[in-house]
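The values are calculated or read from the model by the stated rules, or taken from the named source; none is laboratory data. Just so it is clear, the structure is predicted and the values come from calculations on it, not from any experiment. Quick reminder, even Gly has a Cβ in these numbers, built from the backbone with ideal geometry, and neighbours come from all protein chains shown. Calculation scope for accessible area: heavy atoms of the full protein, side chains included, ligands and nucleic acids excluded. Shrake-Rupley method; radii C 1.70, N 1.55, O 1.52, S 1.80 Å.
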Amino acid sequence: MRTVVILMLLAVLVMAATCYESHESMESHEYLNPFISRRRASDFIQTDTRLGAMSQERIRERHKAPQERQREICEDYYPCELYAFRHGYAAAYKHYFGRRRTK
(Lines give C-alpha, C1' and ligand atoms only; values in the text may rest on other atoms or scores of the structure.)
Protein backbone atom coordinates (compact mmCIF):
# COMPACT_ATOMS: atom_id res chain seq x y z
CA MET A 1 0.00 0.00 0.00
CA ARG A 2 2.88 2.29 0.81
CA THR A 3 4.43 1.76 -2.65
CA VAL A 4 1.12 2.60 -4.31
CA VAL A 5 0.96 5.93 -2.47
CA ILE A 6 4.57 6.70 -3.43
CA LEU A 7 3.92 5.80 -7.07
CA MET A 8 0.76 7.96 -7.11
CA LEU A 9 2.68 10.88 -5.62
CA LEU A 10 5.44 10.43 -8.17
CA ALA A 11 2.89 10.31 -11.00
CA VAL A 12 1.28 13.54 -9.77
CA LEU A 13 4.68 15.26 -9.61
CA VAL A 14 5.61 14.12 -13.13
CA MET A 15 2.25 15.24 -14.47
CA ALA A 16 2.58 18.65 -12.77
CA ALA A 17 6.09 19.11 -14.16
CA THR A 18 5.17 18.23 -17.71
CA CYS A 19 1.79 19.93 -17.92
CA TYR A 20 2.81 23.23 -16.35
CA GLU A 21 2.06 26.16 -18.66
CA SER A 22 4.56 28.94 -18.24
CA HIS A 23 3.91 32.65 -18.43
CA GLU A 24 5.94 32.93 -21.65
CA SER A 25 3.48 30.76 -23.53
CA MET A 26 0.63 33.04 -22.40
CA GLU A 27 2.37 36.09 -23.90
CA SER A 28 2.06 34.72 -27.41
CA HIS A 29 -0.62 36.32 -29.55
CA GLU A 30 -1.43 32.95 -31.06
CA TYR A 31 -2.67 31.74 -27.70
CA LEU A 32 -5.63 34.11 -27.79
CA ASN A 33 -6.33 33.95 -31.54
CA PRO A 34 -4.61 31.03 -33.30
CA PHE A 35 -6.16 31.80 -36.70
CA ILE A 36 -5.26 34.73 -38.94
CA SER A 37 -7.41 36.43 -41.51
CA ARG A 38 -7.26 35.53 -45.19
CA ARG A 39 -5.80 38.93 -46.04
CA ARG A 40 -2.90 38.51 -43.61
CA ALA A 41 -2.34 34.92 -44.71
CA SER A 42 -1.78 35.92 -48.33
CA ASP A 43 0.15 39.15 -47.70
CA PHE A 44 3.42 37.64 -48.83
CA ILE A 45 2.06 36.79 -52.30
CA GLN A 46 2.18 39.61 -54.81
CA THR A 47 -1.01 39.33 -56.86
CA ASP A 48 0.27 41.58 -59.65
CA THR A 49 3.33 39.45 -60.32
CA ARG A 50 1.28 36.26 -60.19
CA LEU A 51 -1.22 37.58 -62.74
CA GLY A 52 1.62 38.95 -64.85
CA ALA A 53 3.34 35.58 -64.87
CA MET A 54 0.12 33.87 -65.95
CA SER A 55 -0.38 36.31 -68.83
CA GLN A 56 3.24 35.91 -69.91
CA GLU A 57 2.77 32.14 -69.96
CA ARG A 58 -0.30 32.55 -72.17
CA ILE A 59 1.69 34.76 -74.55
CA ARG A 60 4.47 32.16 -74.71
CA GLU A 61 1.90 29.50 -75.55
CA ARG A 62 0.57 31.54 -78.48
CA HIS A 63 3.97 32.52 -79.89
CA LYS A 64 6.02 29.37 -80.25
CA ALA A 65 9.57 29.24 -81.50
CA PRO A 66 9.95 28.20 -85.16
CA GLN A 67 11.86 25.06 -84.17
CA GLU A 68 9.03 24.01 -81.87
CA ARG A 69 6.44 24.54 -84.62
CA GLN A 70 8.57 22.54 -87.04
CA ARG A 71 8.94 19.73 -84.53
CA GLU A 72 5.17 19.59 -83.96
CA ILE A 73 4.55 19.46 -87.70
CA CYS A 74 7.08 16.67 -88.01
CA GLU A 75 5.55 14.74 -85.10
CA ASP A 76 2.15 14.80 -86.80
CA TYR A 77 3.55 13.15 -89.96
CA TYR A 78 4.63 9.59 -89.12
CA PRO A 79 7.40 9.13 -91.76
CA CYS A 80 8.94 12.42 -90.66
CA GLU A 81 8.86 11.29 -87.03
CA LEU A 82 10.60 8.03 -87.89
CA TYR A 83 13.25 9.93 -89.84
CA ALA A 84 13.64 12.30 -86.87
CA PHE A 85 14.40 9.44 -84.49
CA ARG A 86 17.40 8.57 -86.62
CA HIS A 87 18.61 11.96 -87.86
CA GLY A 88 17.00 14.58 -85.59
CA TYR A 89 13.96 16.79 -86.00
CA ALA A 90 15.75 19.59 -87.84
CA ALA A 91 17.02 17.23 -90.53
CA ALA A 92 13.68 15.43 -90.74
CA TYR A 93 11.73 18.66 -91.19
CA LYS A 94 14.20 19.81 -93.82
CA HIS A 95 13.94 16.46 -95.61
CA TYR A 96 10.13 16.30 -95.72
CA PHE A 97 8.99 19.91 -95.57
CA GLY A 98 12.10 21.96 -96.31
CA ARG A 99 11.88 22.20 -100.08
CA ARG A 100 8.61 23.82 -101.03
CA ARG A 101 7.19 22.84 -104.35
CA THR A 102 6.00 25.81 -106.37
CA LYS A 103 4.59 25.85 -109.88
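In the context of the full protein assembly, Tyr83 retains an accessible surface of approximately 70 Å², using a probe radius of 1.4 Å and ignoring ligands and nucleic acids. With each label modelled as a point 7 angstrom along the Cα→C-beta vector, the His63-His87 pair spans 3.3 nm. Exposure check, 1.4 Å probe, all protein chains in place: Val4 carries approximately 80 Å² of accessible surface. Each residue was assigned an accessible area with a 1.4 Å probe, and for Tyr78 the value is about 150 Å². Per-residue accessible area (protein heavy atoms, 1.4 Å probe) orders Met8, Met1 as Met1, Met8, starting from the largest.
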